Amino acid sequence: MPTFLCSACGTSYPPADSPPSACPICDDERQFVPEAGQAWITREKLASRHNIAWRLHEPDLFSIHTVPAFAINQRAFLLRTPHGNVLWDCIALLDEATKEIVQGLGGLSAIAISHPHYYTTMQDWSRAFGHVPIYLHAADREWIMRPAPEIRLWEGDTLEIAPDITLIRLGGHFPGGTVLHWARPHDGAGVLLSGDVIQVAADVRRVSFLWSYPNMMPLPAREVRRIGEALAPWRYDRIYGAFVGKDVKSDAQAVVARSIERYAQLLT
């Protein structure tokens, strides 16, 4: 039986003869059902129409995204470490070229995902690279549309999944909204992979925070200040966000602090 993917968000569903009647993730106010209605695609059709583009951002940090654009069109990151490689966030497409490239870079030891909009085909990625664990925050368990034994639900505010690689639950966009902190990149300055839990803005000297991005629904100022307090102990110089070009290349901690203050002022 085929595995159907939602064309609007990329979420995969259990194999079935026909697609689901609806996508709960798109029915939620943090996403949307397109005006033309819910549509579906199989993994095979997706692979026949799209490819994966790669980019090296700095030593040991690659991003991947789908071309032409598909669904939300986020990017994922492959982080190489001496203790195994980590896939941060996920995209729906996994093509044969990417399987070869990832294996050539040392395979995967773990997958971690910021929030449910990027769960996509995480199950396929895990199984393609040896059934590696998929770390999701337990607060978002209700949004897992395709259960898999590789999923590891974690609780609390932080989880170190490898030396110097820590998941930090910030909440906000989703209760389990998570960012990844990389303590020792090549220059030792610290990197944050933020998904859109912290959204790098069009002006990459700013970041922002929303409950719903497509529907432009804000978070309360108190919630954004709480996110800032949760991040305060962590040292980082750069942020790589969910979308191509959305990178804060220096002084990222100060960028986050200024953005939080301005956000709170505008909601007061």
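Brief remarks follow.
- Out of 126, 114, 194, sole residue that is in a strand (DSSP E or B) and small (Gly, Ala, Ser): 194
- From the options 87, 61, residue that is surrounded by 14 or more Cβ atoms within 10 Å (Cβ to Cβ), at pLDDT 95 or above, under 14 Å from the mean Cα position of the chain (by Cα) and of a type in the set (A, V, I, L, M, F, W, C): 87
- Annotation: of all residues in segment 64-84 being part of a loop (DSSP other than H, G, I, E, B) and of a type in the set (Gly, Ala, Ser), the one that is nearest to the chain's Cα centre (by Cα) is 71.
- Count of residues meeting criterion [part of a loop (DSSP other than H, G, I, E, B) and either under 13 Å from the mean Cα position of the chain (by Cα) or charged (D, E, K, R) (or both)] in segment 236-255: 7
- Taken together, 84, 130, 107 contain a single residue that is under 22 Å from residue 240 (Cβ atoms), touching a Leu at 6+ places or on another chain (Cβ under 9 Å) and not basic (Lys, Arg), which is 84.
- Cβ-Cβ under 8 Å pairs, at least 6 apart or on other chains, segment 37-56 side assigned to a helix (DSSP H, G or I), far side aromatic (Phe, Trp, Tyr): 46/70
- Top-ranked residue of segment 1-21 - restricted to ones that are assigned to a loop (DSSP other than H, G, I, E, B), of a type in the set (A, V, I, L, M, F, W, C) and out of contact with any Cys (no Cβ under 9 Å at 6 or more places or on another chain), ranked as surrounded by the fewest Cβ atoms within 10 Å (Cβ to Cβ): 1
The values are calculated or read from the model by the stated rules, or taken from the named source; none is laboratory data. As the structure is a prediction and not an experimental result, all values here were calculated from the model. Virtual Cβ from ideal backbone geometry, glycine too; neighbours counted across all protein chains shown.
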